[in-house]
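Below is one structure, written out as structure tokens; the observations come after it.
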Amino acid sequence: MSPQAPRTPDLEALLIDAEADDDLVQQPPAPVTRRWLLLLGLILVALNLRPALSSLAPLLSQVSDSLGLSAVKAGLLTTLPVLCLGLFAPLAPILARRFGAERVVLGILLMLAAGITLRSAFGEAGLFTGSVIAGASIGIIGVLLPGIVKRDFARQAGAMTGVYTMALCLGAALAAGATVPLSNYFAGNWSIGLGFWMVPALAAALFWLPQARQKHAAHQVTYRMKGLLRDPLAWQVTLYMGLQSSLSYIVFGWMPSILIDRGLSATDAGLALSGSIIVQLLSALTAPWLATRGKDQRPAIVVVMVLTLGGLFGCLYAPIEGLWDWAILLGLGQGGTFSLALTLIVLRSRDSHVAANLSGMAQGIGYTLASLGPLAVGVLHDWTGGWGATGWVFGVIGLGAIVAGLGAGRALYVGVSSERL
């Protein structure tokens, strides 16, 4: 059994450095002007890590009708970007060591803009290819950005955790709520609504350009973890990350379609998703703090998952007049599940080397697992012709997350050893 973990680390440790298994990672403080430019650039980059995922959902029915997509293909469309988050995340530290994290972020931002353009302007083939490119781009940047934050804002890492989380949620909420109105403004052209989100990606690349010109010290000594893939606790953390993410990406991909079929307009369905995401800020910032006040995180995990399942079932089955109450409940639950998943990676790790590798495992394998949820919903809808059976998918994934969370929430460390390469 893994040894007990008696300490409660600061929440600033939630920003896990993708290159933390390297020595010589610390840098001297940057000039004040550059730090402000870096802060603005980081916020703009973070704002772009969710719109490609949340902008499609309110238009999914319209896009499917326009291109003649079956529910299975629509489910695959919601699955591909999430799958790529997991498959391409391990490339991030490799690319960062070869080219430098800042240059990689710049290049991948341009790739993200290209993927968004491709999926909006080149029919079915472009839709799927662009979704793969966008998902891969988000997966790589999502691993690198926290490390840059932690390196250059080490003394403000706690505050930057909140800024980073807020930017993620704000980007997702803006895209969910604004995509349909944008399309309607241009005579219902869904291509323009989807393609618009290349603009903030290019703007972020422009503001990030000065960072790509900076040079940082080389990382010369690396560590390798032994036994991580054989550790039961590491797998419990990974499963919890993957299962709670699966519910989140089902919401991103399918909730507007569910609400539209229940009688809402596409605009109202997008606003409901947007509002639910905004509410996530409250629990995303408070759940980790509350969870680290007790002896372990198991009670908090159960509470946020119950809130999430309650919100999901309410949106699916309850009278539509009370939708906003259920959307708020869902947001409170999912904001907590995501932030607790990040917290568990830190709490179950002895040091930053272990945390970096556990984070890579949880994101790489976890997001790959998460991609099966949206696909399952699409397949089930195609088989049944409705959304009623989707509740079984919610229930199975939610109960699985609770079981994995009860294991991951224990006050233990993963039992791994490290060696220099």
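The values are calculated or read from the model by the stated rules, or taken from the named source; none is laboratory data. Just so you know, these numbers come straight off a predicted model, no measurement behind them. Backbone-built Cβ (ideal geometry, glycine too); neighbour counts: all protein chains shown.
Just a few scattered comments:
- Of the residues examined, Arg293 is not one that is at pLDDT 90 or above and among the basic types (Lys, Arg).
- When Gly253, Gly227, Gly310, Gly242 are screened for being surrounded by fewer than 24 Cβ atoms within 10 Å (Cβ to Cβ) and under 23 Å from Gly335 (Cβ atoms), only Gly310 passes.
- Matching residues, the stretch 89-132, being surrounded by 24 or more Cβ atoms within 10 Å (Cβ to Cβ), within 20 Å of Ser245 (Cβ to Cβ) and at pLDDT 90 or above: Leu112, Ser131
- Hits in the stretch 47-82 (condition: over 15 Å from Ala136 (Cα atoms) and of a type in the set (Lys, Arg)): Lys73
- Looking across the stretch 380-410, the residues that are buried (at least 17 other Cβ atoms within 10 Å of the Cβ), farther than 14 Å from Leu243 by Cα and either touching a residue at least 40 places away in the same chain (Cβ under 8 Å) or of a type in the set (Phe, Trp, Tyr) (or both) come down to His381, Trp387, Thr390, Gly409, Arg410.
- Out of Leu271, Leu259, sole residue that is farther than 23 Å from Ala356 by Cα, modelled with pLDDT of 90 or more, crowded, with 24+ Cβ neighbours inside 10 Å and out of contact with any Pro (no Cβ under 8 Å at 6 or more places or on another chain): Leu259
- From Leu83, Leu109, residue being touching a Phe, Trp or Tyr at 6+ places or on another chain (Cβ under 9 Å), of a type outside the set (Val, Ile, Thr) and within 29 Å of Leu206 (Cβ to Cβ): Leu109
- Scanning the stretch 171-205 for residues that are part of a loop (DSSP other than H, G, I, E, B) and hydroxyl-bearing (Ser, Thr, Tyr) yields nothing.
- Scanning the stretch 69-121 for residues that are out of contact with any Ser or Thr (no Cβ under 6 Å at 6 or more places or on another chain), among the basic types (Lys, Arg) and either over 28 Å from Arg213 (Cα atoms) or not in a helix (DSSP H, G or I) (or both) yields a single hit, Lys73.
- Of all residues in the stretch 97-109, those that are closer than 12 Å to Leu42 by Cα have Cβ atoms under 6 Å from Cβ atoms of residues that are in a helix (DSSP H, G or I) and modelled with pLDDT under 90, 6 or more apart or on another chain, in Glu102/Gln211; Glu102/Ala212; Val105/Ile141; Val105/Leu144; Leu106/Trp208; Leu106/Ala212.
Conditions tested, residue by residue: (1) among the β-branched types (Val, Ile, Thr); (2) in contact with a helix residue (DSSP H, G or I) (Cβ under 8 Å, 6 or more places away or on another chain); (3) surrounded by 24 or more Cβ atoms within 10 Å (Cβ to Cβ).
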site	(1), (2), (3)
Thr292	yes, yes, no
Tyr317	no, yes, no
Ala370	no, yes, yes
Gly378	no, yes, yes
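To keep it simple, each residue is scored yes or no on (1) within 22 Å of Phe252 (Cβ to Cβ); (2) in a helix (DSSP H, G or I).
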| position | (1), (2) |
| --- | --- |
| Gly333 | yes, yes |
| Phe338 | yes, yes |
| Ala341 | yes, yes |
| Val346 | no, yes |
| Arg350 | no, no |
| Ala356 | no, yes |
| Met361 | no, yes |
| Leu406 | no, yes |
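- Within the stretch 161-202, considering residues that are more than 21 Å from Gly126 (Cβ to Cβ) and among the β-branched types (Val, Ile, Thr), the one modelled with the lowest pLDDT: Thr161
- Pair list, Cβ < 7 Å and 6+ apart or interchain, from the stretch 322-334 residues that are buried (at least 22 other Cβ atoms within 10 Å of the Cβ) to residues that are among the hydroxyl-bearing types (Ser, Thr, Tyr) and modelled with pLDDT of 95 or more: Leu330/Thr308; Gly333/Thr308; Gln334/Thr308
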